[in-house]
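Asks: Supplied in structure tokens, the structure appears directly below.
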2 protein chains.
Amino acid sequence: MTTDTFDGVAVATKANVYFDGKCVSHGITLADGTKKSVGVILPATLTFNTGAPEIMECVAGSCEYKLAGTSEWKKSAAGEKFAVPGNSSFEIRVSDAYHYICHFG
Amino acid sequence: MTTDTFDGVAVATKANVYFDGKCVSHGITLADGTKKSVGVILPATLTFNTGAPEIMECVAGSCEYKLAGTSEWKKSAAGEKFAVPGNSSFEIRVSDAYHYICHFG
């Protein structure tokens with residue numbers, strides 16, 4: 001079960017572009033003030049650093065990810081989530097596009 | 001004067017990825033049912049075909065564009081718009097990221 005849309009949100013019109021465009025997201029703010037982002041990672045292997053803890057929810061496609069301090073690559077596909085601690089990092093391998101919602105905090 | 005956010009909208013969580021990721025957008029639906037998209041075009045020269053007429057509004061960065069049937073490249077930067085007829089096409093040259101709102105109809 002994937003989240004296809006967020007209703008009643010404010011969306012930032014300017015995209016966040018990371019890694020020369022391998023990751024593009026738009027920030028959204030829910031009615032209750034909660035901030036999230038919706039984005040896509042294109043085929044690449046990237047390392048992301050976290051400030052706040054994050055939950056990455058896949059809405060289409062898939063990825064493999066490896067959290068800092070672990071040695072196992074795990075798969076995450078549409079409808080699945082994984083949690084990343086704050087002030088940490090994770091590697092992500094994408095061979096097709098990985099569409100995601102990033103939940104913070 | 002640029003439009004930094006759209007409030008009270010539904011946003012599609014899955015991105016639209018065109019030209020191997022040189023253009024990435026998310027569809028939004030306003031409270032009145034109007035559909036738009038917010039996206040970014042990364043450095044590239046691309047040709048887009050239109051179905052419905054479109055107005056491309058730049059929210060950050062800039063581009064040069066050339067409408068079908070014209071020979072002149074024109075510049076469009078943050079706060080500026082250009083209109084593309086329906087069932088037509090335009091070329092766009094981007095040397096930095098071009099962030100846009102696409103208004104349909």
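Asks: Can you pull out every residue in the range A:84-96 that is surrounded by 12 or more Cβ atoms within 10 Å (Cβ to Cβ) and either in contact with a Lys or Arg (Cβ under 9 Å, 6 or more places away or on another chain) or small (G, A, S) (or both)?
Replies: Hits for the range A:84-96 are A:S88, A:S89, A:F90, A:E91, A:I92, A:R93, A:V94, A:S95.
Asks: Of all the residues that make up the range B:84-100, how many are in a strand (DSSP E or B) and either under 22 Å from B:H26 (Cβ atoms) or in contact (Cβ under 8 Å) with a residue 60 or more places away in the chain (or both)?
Replies: 7
Asks: How many residues are open to solvent by 40 Å² or more (accessible area, probe 1.4 Å), in contact (Cβ under 8 Å) with a residue 12 or more places away in the chain and among the acidic types (D, E) when one looks only at the range B:44-83?
Replies: 2
Asks: May I pose another question? If you take the residues in the range A:1-42 that are more than 7 Å from chain B (Cβ to nearest Cβ) and in contact with a Lys or Arg (Cβ under 8 Å, 6 or more places away or on another chain), which one is farthest from B:G39 (Cα to Cα)?
Replies: Only one residue tops the list, namely A:L30.
Asks: Does A:K75 satisfy the condition of being within 14 Å of chain B (Cβ to nearest Cβ), charged (D, E, K, R) and part of a strand (DSSP E or B)?
Replies: Criteria not met by A:K75.
Asks: Could you list, in sequence order, all residues of the range B:23-72 that are among the aliphatic types (A, V, I, L, M), farther than 27 Å from A:D7 by Cβ and in a loop (DSSP other than H, G, I, E, B)?
Replies: Matches in the range B:23-72: B:L42, B:A68.
The values are calculated or read from the model by the stated rules, or taken from the named source; none is laboratory data. These numbers come from a predicted model, not from an experiment. Glycine gets a Cβ as well: all are built from the backbone with ideal geometry, and neighbour counts include every protein chain shown. Just so you know, the surface numbers come from the protein's heavy atoms only, side chains and all, with ligands and any DNA or RNA stripped out. Shrake-Rupley method; radii C 1.70, N 1.55, O 1.52, S 1.80 Å.
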